[in-house]
Amino acid sequence: MTVPAQKAPEAGAPASLRPARPRWRETLGLLVRNPTAAVAGLVLLAIVLVAVFDEALAPSGPNEIAVEDRLRPPSWAHPFGTDDLGRDILSRVVLGAAVSLRVGFLAVGIALVVGSVIGLLAGFYGRWVDDVLMRVMDVLFAFPAVLLAIAVLAVRGPGPGNTALAIGIVYVPIFARVTRASVLGVREEVYVRASRSVGASDWRLLTRHVLPNAAPPIIVQTSISLAFAVLAEAALSFLGLGTQPPDPSWGLMLAEGRGFIDLAWWLAFFPGMAIFVTVLCFNLLGDGLRDVLDPRQRTLMAGGGR
Amino acid sequence: MSDVLVSARGLEVHFPVRSGGALRRTAGVLRAVDGVDLDIHRGETLGLVGESGCGKSTLGNALLRLVEPTGGRVTFDGTDVTGLGRRALRDLRRRAGMVFQDPFASLDPRRTVAQTVAEPLEVHGLRSGRRERAARVGELLELVGLDPAVAGRYPHEFSGGQRQRVGIARALAGEPDFLVCDEAIASLDVSVQAQVLNLLRRLQRKLGLTLLFISHDLSAVRHISDRIAVMYLGRVVEVGPASAVGAEPQMPYTQALLSAVPVPHPALERSRQRIVLRGDVPSPADVPSGCRFRTRCPHAFEPCPGVDPALQPVGAAPGHVAACHLHGVVGGPVEREGTVASAR
């Protein structure tokens, strides 16, 4: 924590009142300097591009069945092998990326927005606002996650959109709690009181001071949750509530490949690797972002540390 | 109107003390500020002294309604502050600023110096346009002795003294009439304390500010103040011109307080007579009856437990008042269960 206070970049310090470069460009620049986060970001970008252009990139249709090519190990014709119906696994992994990522982003997006707003209000206003909101969250949290998701899907019917909604609802209390805990600490900070003393409104305090300073744990939680959402989609698909076969999703493929694990490892291995790499990259990028968004770390990094 | 800018009458800030456990029952009342009468004159520097926990900071916060008073009245420039609506309260926040104790905690680490100093301008819509605002921020930084070129930097790149200057610049941005300095120099190095103290004094003269300087540092208070108010256990017990309170304190507590200040002269320091008070400060949750200082007062006599002393003129200097029965028994017997504990 304690950093040498005056280790600012002395040469060419910007003399204007605004930072010399826009903040987001500075942030991006520092992120690129952090090799782990940069690599993770590039890989994620590649995965997203694959998901966006899935139709064009897939070597063959995901549901093209070739019975004579069943359970072929990886080869030049089928780099990831084929499954028990002779479908090309590479194509299915490529198309599954779109499904898995869409569900993941959507679910975490819902949980992030709803959960952090609830946590922010509960933590900042305290008293009965806190009591009411957090008790509701407790009730939501008390349900086993899968059971709650099943209930949502039972009401709304299966499908990617509803899967995302179900997972999102399950994750709302997690974000609410993480945000609230962080806000409870920040709202007592003197700079919040100082800002109030010059007449700042609650809205301003929340958006300019409390939220930015409470953000780091939320960022980390987001990256972790993206990972878990992809896995949750897999679990729900496995139970037959998420993606419906024959549509491919990584989780569903993993579940289907499980039965062939000692016979044809590639059925489960490649979708599993896709999940693993994606999840890992989300986490690494999240950690990198958290560091880069902290001005104290920022100065250290820009000052040539590491 | 008179030359009184800020005035408190019977001001009370009581905090409920909750017992632990699920029911959160109110177990008692902590009387942080308990019936304070105080006038602050336009353009003066009033020093507010007292030991830790006597309610100095709470009083300062209550005057600006950063802490909600539970009783009594505060008027600012003739208007009652206690019932202000949202808009009027925001206007008060422009006209009355605060400088905080810890300059390491009072600046948002994620905002640049420029953003911090510009916040009051944005909140009150004082300078429209980026450029005017930036110019004003530069002016303010210069005013507090900082290079305007540092505006784009973050607080962690500054020393404590520099940060406190930023805090002062923020407090001055709305061109306030009144500034509360809440232990503003307490967490600075001694050499830096003098700089910031002199800065405050210079600004006070230059801008015609009214200053409430809260501190437990008597030397600093005597250096900067026109008048001094002494607080003990939630009550102002002596007020007077700085020279009079400093030289001829009339209340035994003030005498004890002043006798604890070292004298920067070897011979005088050796002959300095210290009045050492017995015992600890009573808890503000359990205030003694009558005069609240009587449990530690070396001069306590019959009326002290029964009669709550009111402020009365004492000594030779005009405007010097103290709440002490040694100068004549003034005040009323007080039941502290009621809401109003101040005897006028």
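The values are calculated or read from the model by the stated rules, or taken from the named source; none is laboratory data. Given the structure is predicted, the values throughout are model-derived calculations rather than measurements. All Cβ positions, glycine included, derive from the backbone under ideal geometry; neighbour counts span all protein chains shown. For accessibility, only protein heavy atoms count, side chains too; no ligands or nucleic acids. Shrake-Rupley method; radii C 1.70, N 1.55, O 1.52, S 1.80 Å.
Some points to look at:
- The residue that is farthest from the other protein chains (Cβ to nearest Cβ), counting only those in the stretch B:140-176 that are under 17 Å from B:Val192 (Cβ atoms) and of a type in the set (Gly, Ala, Ser), is B:Gly145.
- If the condition is being open to solvent by less than 30 Å² (accessible area, probe 1.4 Å) and more than 8 Å from chain B (Cβ to nearest Cβ), then the stretch A:201-215 contributes A:Leu205, A:Leu206, A:Val210, A:Ala214, A:Ala215.
- Hey, B:Thr116 within 25 Å of B:Leu188 (Cβ to Cβ), among the β-branched types (Val, Ile, Thr), touching an Asp or Glu at 6+ places or on another chain (Cβ under 8 Å) and not in a loop (DSSP other than H, G, I, E, B) or not: yes
- Restricting attention to the stretch B:113-128 and to residues that are among the hydrophobic types (A, V, I, L, M, F, W, C) and modelled with pLDDT of 85 or more, the residue that is nearest to A:Ser197 (Cα to Cα) turns out to be B:Val123.
- Candidate set: the stretch A:156-175, residues that are out of contact with any helix residue (DSSP H, G or I) (no Cβ under 6 Å at 6 or more places or on another chain) and under 13 Å from A:Gly242 (Cα atoms); chosen: the one surrounded by the fewest Cβ atoms within 10 Å (Cβ to Cβ): A:Gly157
- Strands (runs of 3 or more DSSP E) wholly inside the stretch B:129-243 that include at least 3 residues being under 15 Å from the mean Cα position of the chain (by Cα) and over 25 Å from A:Gly199 (Cα atoms): B:227-232, B:235-241
- The stretch B:49-86, subset assigned to a helix (DSSP H, G or I) and of a type outside the set (Ser, Thr, Tyr), residue nearest to B:Asp34 (Cα to Cα): B:Leu59
- Matching residues in the stretch B:3-19 - criterion: being at pLDDT below 85, open to solvent by 70 Å² or more (accessible area, probe 1.4 Å) and not in a strand (DSSP E or B): none
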